[in-house]
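The values are calculated or read from the model by the stated rules, or taken from the named source; none is laboratory data. Here the structure is a predicted model, which means the values were calculated and not measured. Here the Cβ is made from the backbone with ideal geometry for all residues, glycine too, and neighbour counts use every protein chain on show.
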Amino acid sequence: DAGVTQSPTHLIKTRGQHVTLRCSPISGHKSVSWYQQVLGQGPQFIFQYYEKEERGRGNFPDRFSARQFPNYSSELNVNALLLGDSALYLCASSPIPGDKSYGYTFGSGTRLTVV
Amino acid sequence: GESVGLHLPTLSVQEGDNSIINCAYSNSASDYFIWYKQESGKGPQFIIDIRSNMDKRQGQRVTVLLNKTVKHLSLQIAATQPGDSAVYFCAENMNDYKLSFGAGTTVTVRA
């Protein structure tokens, strides 16, 4: 079975531009979460979606938005990119939010560099 | 600030020895904890988890201990191997939708 897949794996953007990152959860998983991991730090929670609805949001500005599609895949959008948005963006899936019998499975991430 | 943190940023261990990685948390209401391993260029990989109604849980070569009295979590790796070299994170499940991570401990295995 395929794990959590994210695309693209790497990309470079210029300050002020917009970016869209994509995530496909494990088959059968209905919950997708997004995390930002700055180099040398642990991942920071951005969003969680379940059944196409936002269930939680971290301390990130409104430039960050996301959505979940009927097939449970998800997009993370970031507008007006800043240099500080350079990070590894991780997607995690779980069968349902807070499923303590399974945990959360992460993808390999998208490495975003803003220049 | 973050509610989950690790005691030491780096750990060097001889191949074959046991490793112990520590983690402190501050939210006494947290009821679920996960240890992840992250290798360079990859996403966090699930190692083992534990619920707050347990003190100890064992997996293959790994053991997680939870001390709720002092809000401390540890990961023990038996017979450490070169493939165990990575950054290890403890994560605290908060509010059923969010994982809160510490800064991580870098484990280096010496041959």
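Assuming A:Arg63 fulfils every condition listed in (1) within 13 Å of chain B (Cβ to nearest Cβ); (2) surrounded by 13 or more Cβ atoms within 10 Å (Cβ to Cβ); (3) not hydrophobic (A, V, I, L, M, F, W, C) apart from one, which condition is it?
Among (1) within 13 Å of chain B (Cβ to nearest Cβ); (2) surrounded by 13 or more Cβ atoms within 10 Å (Cβ to Cβ); (3) not hydrophobic (A, V, I, L, M, F, W, C), the lone unmet condition for A:Arg63 is (1).
Can you tell me which residue in region A:63-82 is nearest to the chain's Cα centre (by Cα), limited to those that are among the aliphatic types (A, V, I, L, M) and in a strand (DSSP E or B)? Don't jump to the end; show me each part of the working.
Quick first cut of region A:63-82, residues among the aliphatic types (A, V, I, L, M) only: A:66, A:76, A:78, A:80-82.
Remaining after also requiring in a strand (DSSP E or B): A:66, A:76, A:78.
On the way: A:Ala66: 8, A:Leu76: 6, A:Val78: 11 Å.
Checking each candidate, the answer is A:Leu76.
Are any of the residues in region B:72-79 exposed (fewer than 14 other Cβ atoms within 10 Å of the Cβ) and on the phi > 0 side of the Ramachandran plot?
So the first thing to find is which residues in region B:72-79 are exposed (fewer than 14 other Cβ atoms within 10 Å of the Cβ), and the list is B:79.
Still in the list and also on the phi > 0 side of the Ramachandran plot: B:79.
Yes, because at least one residue in region B:72-79 is exposed (fewer than 14 other Cβ atoms within 10 Å of the Cβ) and on the phi > 0 side of the Ramachandran plot.
Got a number for residues in region A:77-115 being within 30 Å of B:Ile50 (Cβ to Cβ), away from chain B (no Cβ under 12 Å) and either crowded, with 19+ Cβ neighbours inside 10 Å or among the β-branched types (Val, Ile, Thr) (or both)?
Counting residues in region A:77-115 that are within 30 Å of B:Ile50 (Cβ to Cβ), away from chain B (no Cβ under 12 Å) and either crowded, with 19+ Cβ neighbours inside 10 Å or among the β-branched types (Val, Ile, Thr) (or both) gives 1.
Any idea which of A:Gln44, A:Gln68, A:Gln36 is facing chain B (nearest Cβ under 8 Å) and either touching a strand residue (DSSP E or B) at 6+ places or on another chain (Cβ under 9 Å) or surrounded by fewer than 14 Cβ atoms within 10 Å (Cβ to Cβ) (or both)?
The conditions single out A:Gln44.
Applying the selection to region A:1-42, what residues are within 16 Å of A:Ser74 (Cα to Cα), modelled with pLDDT of 95 or more, in a loop (DSSP other than H, G, I, E, B) and not aliphatic (A, V, I, L, M)?
Result: A:Pro8, A:Thr9, A:Pro25.
Restricting attention to region B:81-105, which residues are more than 10 Å from every other protein chain (Cβ to nearest Cβ), touching a residue at least 60 places away in the same chain (Cβ under 8 Å) and more than 11 Å from the chain's Cα centre (by Cα)?
Let us first name the residues in region B:81-105 that are more than 10 Å from every other protein chain (Cβ to nearest Cβ), namely B:81-86, B:88, B:92, B:105.
When the remaining residues are screened for being touching a residue at least 60 places away in the same chain (Cβ under 8 Å), the result is B:81-82, B:84, B:88, B:92, B:105.
The answer is B:Gln81, B:Pro82, B:Asp84.
Any residue at all in region B:34-43 that's closer than 22 Å to A:Ser108 by Cβ, more than 10 Å from chain A (Cβ to nearest Cβ) and among the hydroxyl-bearing types (Ser, Thr, Tyr)?
yes
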